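Q: Dropping the structure in here first, questions after.
The values are calculated or read from the model by the stated rules, or taken from the named source; none is laboratory data. Bear in mind the structure is a predicted one, so any value in this text is a computation, not a measurement. Because the Cβ atoms are built from the backbone with ideal geometry, glycine has one as well, and the counts that use them run over all protein chains shown.
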Amino acid sequence: MSTSIYWAGSSPWLTDPPRCGGVVRDTMAEDRAPWGFWCTGIFFYFCAPSRVTVTRVTTPARLVGTARAHTRLLAAAATASLVLFVAACSGDEPAAVVTAPAPTVPVLQPGTPGQPNATITGSAAAPTATVSILPTDERFLSEMIVHHAQAIVMVDAVKGSLEDAEVAAIASRIGDEQRPEIDAMAGYLESHGAQVPPEATNPNLADHGAHSMPGMATEAEIAQLATATGREADRLFLTLMIRHHQGALAMVDEHSDNSMAELVEETVNEISVTQGKQITQMQGMLDRLT
């Protein structure tokens, strides 16, 4: 890139040679910047030049006085304008992002029942937007949390009672997988302002006889599982967990008919693949032990 500076008398013109009958003399360079625009009769270049063309203009004596007067005014304006435009286009830095400051006025936050109110300031007092959740997603996640919670209760009920190594291994794996899934589903509900079932933090709160979800074990079956040992515990656990997993797949199939958020869809797919595979594995174990 380059620009051209023309001299009329003793003052610079940042333009093509003044159209005042002058004669261009003493040209030092010919190339010019390819981009520019006209403003009040002056040609400006967008970016800082990498090369400067200096040309001296010889004007007739009768026009020198007028040219010099105009030159002083235009040169000052040209210099200020050129600085602004060069600064505006010479950098590649992205524009700074302006963010609203955190509130400085204290905000009163009501306490939970039995707890005092709290005064908060700064970023803690800034309002946060809550994204709504689809009612069908909320229902599915809430029920699946309770469903998963019972699976953890069943796994805990047979700890130390299982005899077969493969049955013990898959029981442990089910517990290890479903606990993080509960946390993820609960986190999604909470982040969208939905109520989280208490079973998300304490699976033992589940009322096994109060839910109509498919595959759920009854209170009597949970009690029987907790007292079983050895081969009986192996077979009973496999029988109840196969039915429990089949119930989860039925819930997944039912919810798949609805529109759902992306994260919920990922959860649905994960449950479908994982538990479908485990059903096949547990059925093979049960067949072997029967």
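Q: Let me spell it out: the conditions are (1) at pLDDT below 95; (2) more than 20 Å from Asp183 (Cβ to Cβ); (3) surrounded by 13 or more Cβ atoms within 10 Å (Cβ to Cβ), and Ser212 meets all of them except one. Which number is the exception?
A: Of (1) at pLDDT below 95; (2) more than 20 Å from Asp183 (Cβ to Cβ); (3) surrounded by 13 or more Cβ atoms within 10 Å (Cβ to Cβ), only one is false for Ser212: (3).
Q: Check Gln224, Gln246 and return the single one that is under 24 Å from Thr136 (Cα atoms), among the polar types (S, T, N, Q) and at pLDDT 95 or above.
A: Gln246
Q: Hey, any hits in region 223-246 for a residue that's over 17 Å from Val155 (Cβ atoms), among the β-branched types (Val, Ile, Thr) and either in contact with a Ser or Thr (Cβ under 7 Å, 6 or more places away or on another chain) or touching a residue at least 12 places away in the same chain (Cβ under 8 Å) (or both)?
A: no
Q: Please determine whether any residue of region 269-285 is small (Gly, Ala, Ser), more than 18 Å from Glu138 (Cβ to Cβ) and either buried (at least 18 other Cβ atoms within 10 Å of the Cβ) or over 32 Å from the mean Cα position of the chain (by Cα) (or both).
A: yes
Q: Mind listing whichever residues of region 253-267 are surrounded by fewer than 20 Cβ atoms within 10 Å (Cβ to Cβ) and either in contact with a Leu (Cβ under 7 Å, 6 or more places away or on another chain) or not charged (D, E, K, R) (or both)?
A: Scanning region 253-267 gives Ser256, Asn258, Ser259, Met260, Ala261, Leu263.
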